[in-house]
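Step one of this worksheet: look at the structure below.
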Amino acid sequence: MLVHSRGAKWAVWALFLVLFLPLFALPLLVVLGASFATNWSSVLPSGFTTGHYSAATRGEALQALTTSLLTAAAASLLALTAGTWAALAAAGLKGRYRRVLDALFVLPVAVPSVVVGLAILVAFSKPPFLLNGTREIVILAHTVLVTAFAHQSVSAALARLDPAYEQAAASLGARPAHVLWRVRLPLLLPSLTAAAGLCFALSMGELSATMMLYPPDWTPLPVLIFAATDRGALFAGSALAVVLMAATLLALFAVSRVRTRASYR
């Protein structure tokens, strides 16, 4: 921490708690409490039941969670591949062309995600690229929306790499492909895992574009949460939201373990 005075440190922590608790922690705690509640007759939900979680971990809800996990995993892998490839390609370009490439990848997050969903719906609703009504169009939309974060993360990591490693490998006779696979990518592994975790988390929570594209047999969990709360089932929707948060946090924890080992290596 940049503050060295003990009193100033306590003041900074107090300010952090004052801002963090009502803006971030309290809403999540209310959702957690509502997931176990049976009614909401006062300021906070009351009553206690685990029945909402019984419904949230079976049948349609379990299928929706599986759909979200598969969609996020596929979109993260595709986004990481495309973003890493673009970042590596941009590293060899001149300043002007690199800025153009960066702008192209950032464009999907510079506009509302519902616009991205509409654009993909229009673009892939006619032959020869007919994807409307398929699960692939949902995965494609998620990939487009999260690739920018993978590209920016890898680009920042590339800028911090010491070129001496690559120069040493090249001086020993290693070919460019060998330098890429044995030197650059291993050095980028911590950043790659961090980018994968970020893309996964963003995909798990994506709703706007998904609402425009998902077919009936490929319904992600955020859509189910929206449908539950829209019809007034707030407690059931809260349980689904907690399940979504728990699944996302578990996946991020697994990715963080990989990142820790990669950093140590």
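The values are calculated or read from the model by the stated rules, or taken from the named source; none is laboratory data. Just so we're clear, the structure is a prediction, and the values are computed from it rather than from any experiment. FYI the Cβ positions are ideal-geometry reconstructions off the backbone, even for glycines, and counts take in every protein chain you see.
Things worth noting here:
- Any hit, region 178-186, residues being basic (Lys, Arg), closer than 19 Å to Thr81 by Cβ and surrounded by fewer than 15 Cβ atoms within 10 Å (Cβ to Cβ): yes
- For first residues located in region 30-50 and closer than 16 Å to Leu240 by Cα, partners that are surrounded by fewer than 16 Cβ atoms within 10 Å (Cβ to Cβ) and aromatic (Phe, Trp, Tyr) and lie 6+ apart or on another chain with Cβ distances below 9 Å form the pairs Ala34/Trp40; Phe36/Phe48; Ala37/Phe48; Thr38/Phe48.
- Ala239 being buried (at least 21 other Cβ atoms within 10 Å of the Cβ), in contact (Cβ under 8 Å) with a residue 60 or more places away in the chain, farther than 23 Å from Val138 by Cα and within 21 Å of the chain's Cα centre (by Cα): yes
- Evaluation of Ala169 against (1) touching a residue at least 12 places away in the same chain (Cβ under 8 Å); (2) closer than 29 Å to Leu249 by Cβ (one fails), failing number: (2)
- Residues satisfying the criterion are present in region 57-67 (criterion: at positive phi and surrounded by fewer than 16 Cβ atoms within 10 Å (Cβ to Cβ)).
- Considering residues of region 248-265 that are of a type in the set (Lys, Arg) and in a helix (DSSP H, G or I) only, the residue modelled with the lowest pLDDT: Arg261
- Going through (1) within 27 Å of Pro216 (Cβ to Cβ); (2) among the small types (Gly, Ala, Ser); (3) touching a Pro at 6+ places or on another chain (Cβ under 8 Å) one by one, Ala119 falls short only on (3).
- Test: residue in region 92-112 that is at pLDDT 90 or above, over 16 Å from the mean Cα position of the chain (by Cα), β-branched (Val, Ile, Thr) and part of a helix (DSSP H, G or I): no
- Region 114-223 holds helices (runs of 4 or more DSSP H) entirely within its bounds, and those carrying 3 or more residues that are within 23 Å of Leu101 (Cβ to Cβ) and under 18 Å from the mean Cα position of the chain (by Cα) map to 135-160, 185-204.
- Restricting region 41-90 to residues that are aliphatic (A, V, I, L, M) and under 23 Å from Pro27 (Cβ atoms), the residue that is nearest to the chain's Cα centre (by Cα) is Ala72.
- Pick from region 37-54, criterion touching a Gly at 6+ places or on another chain (Cβ under 8 Å) and assigned to a loop (DSSP other than H, G, I, E, B), ranking: modelled with the lowest pLDDT: Leu44
- If the condition is being touching a helix residue (DSSP H, G or I) at 6+ places or on another chain (Cβ under 8 Å) and β-branched (Val, Ile, Thr), then region 1-48 contributes Val3, Val31, Thr38.
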